[in-house]
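Written below as structure tokens is the structure these notes are about.
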Amino acid sequence: MRLELSRSRIRPGQEDTFDEWMGMLNSRPDELQESLPAERQVFEATFRHTEADGSTWIYHLSLMGEDGRGNDESIPIDAAHVAFSKKAKEPGWEELEPRFMLTPTPLLESMKRYAEFGQDND
């Protein structure tokens, strides 16, 4: 599995676009759920943080399988996700280095299966 914490600066003046983006994602959970198996996405979460200097950053936390695919822009929710990303945030990500993750063993085994196969079948 691959644990990632990434950050990117939100373009100045695009904070409302970022909020619209997150609102769009939150309003379409069924479509997002359908994309998780191919992405081998065990979980993901997005955070917004404003620094002391006033700059605003997006932080993205993700746990996925090694062979998961990225966004497939032929899928409407992924295309909308990519379009908002290009408009709201600066290109690229700064990657933070994971140092520790703790999960109860029964959950960890299930997460590993999902990360590998896109489903959790015992």
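Please treat every number below as a calculation from the coordinates, not as lab data. A quick note: this is a predicted structure, and the numbers were derived from the prediction, not measured. A quick note on method: Cβ atoms are made from the backbone with ideal geometry, for glycine too, and the neighbour counts reach across all protein chains shown.
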Worksheet entry | Segment Lys87-Arg9, length gained on full extension (0.36 nm per residue, minus Cα span) | 26.9 nm
Discussion item. Can you divide the C-alpha Rg of the chain by 2.2 N^0.38 Å and report the result to two decimal places?
Written reply: 1.13
Worksheet, complete the sentence: For Arg11, the residues 5 or more places away or on another chain with a placed amide H closer than 5 Å to its own amide H are Lys89, Glu90
Worksheet entry | Magnitude of the charge dipole, the chain, Cβ model with Lys/Arg +1 and Asp/Glu -1, debye to 20 | 240 debye
Worksheet entry | Amide H contacts under 5 Å for Val42, placed H, 5+ residues apart | Leu63, Met64, Gly65
Worksheet item: What is the distance in Å between the Cα centres of the stretch 64-91 and the stretch 15-62?
Response: 11 Å
Worksheet, complete the sentence: Looking only at aspartates and glutamates whose Cα falls under 13 Å of Lys87's and that sit 8 or more positions away or on another chain, we get Glu15, Asp16, Asp19, Glu20
Worksheet item: Contour minus end-to-end for His60 and Glu94, with contour as 0.36 nm per residue of separation and end-to-end as the Cα-Cα distance?
Response: 11.2 nm
Practice prompt. Can you spot the aspartates and glutamates whose alpha carbon is less than 17 Å from Lys112's alpha carbon? Ignore those fewer than 8 places along the same chain.
Written response: Glu4, Glu39, Glu44, Glu66, Asp67, Asp120, Asp122
Worksheet item: Between Gln33 and Asp120, what is the spin-label point distance in nm, taking each point 7 Å from the Cα along the Cα→C-beta axis?
Response: 1.4 nm
Discussion item. Strictly greater than 15 Å: what percent of every Cα pair in the stretch 51-122 meets that?
Written reply: 72 percent
